[in-house]
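What follows is a set of notes on a single structure, which appears directly below.
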Amino acid sequence: MMDIARLHVGKTLSETAIYNGTVYLAGQVAENTTNNIDGQTREVLGRIDRLLAEAGSDKTRILMCQIFLADIKDFVTMNTVWNEWVAAGQTPPRATVETKLAKPEWLVEMVVTAALK
């Protein structure tokens, strides 16, 4: 039986789980909630970069990304930042939806699944 590795384990959740060559990230949100959608998206993508690197992966290995926006009017701005960040020719399958997030100051949350290198 393969072990499950968990990183940044907290009382409620782990930031990362690694199993059978796959990295699962918890939903990533901005810590600096004073930023607008541009700033929060950049922070979230930076957190994803760091967590994937720590797990032994990177954005070119993303298998799926789910994006939750507090307001769909932010889609164009979020997508502009995403398109600057994502690796050309390595764009993963993705879903983007509008939803009420757990805290009203969060504008975007992203959930990523990636393959190990």
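Read-outs throughout are calculated quantities, based only on the coordinates presented, and are distinct from any laboratory measurement. Small disclaimer: the values here were computed from a predicted structure and weren't measured. Virtual Cβ from ideal backbone geometry, glycine too; neighbours counted across all protein chains shown.
So here's what we get for this one:
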quantity: Within the chain, longest stretch free of exposed GluC sites (Glu not before Pro) [DSSP loop, at most 16 other beta carbons within 10 Å]; calculated: 32-104
quantity: Built amide H within the under 5 Å cut-off of residue 116, gap 5+; calculated: 22, 23
quantity: Cα-based helix-to-principal-axis angle, 75-85 vs the chain, degrees rounded to 10; calculated: 40
quantity: Antiparallel bridges, percent of DSSP beta bridges restricted to the stretch 21-117 (to nearest 5); calculated: 70
quantity: Cut-off 15 Å between beta-carbons: net charge of the residues surrounding residue 103, Lys and Arg +1, Asp and Glu -1; calculated: -4
quantity: Calculated [θ] (222 nm, deg cm²/dmol) that DSSP helices of n ≥ 4 give over the chain, each run adding -39,500 (n - 2.57); calculated: -8500 deg cm²/dmol
quantity: Cut-off 14 Å, label 7 Å out along Cα→Cβ of residue 33, residues of the stretch 95-117 by amide N; calculated: 100-109
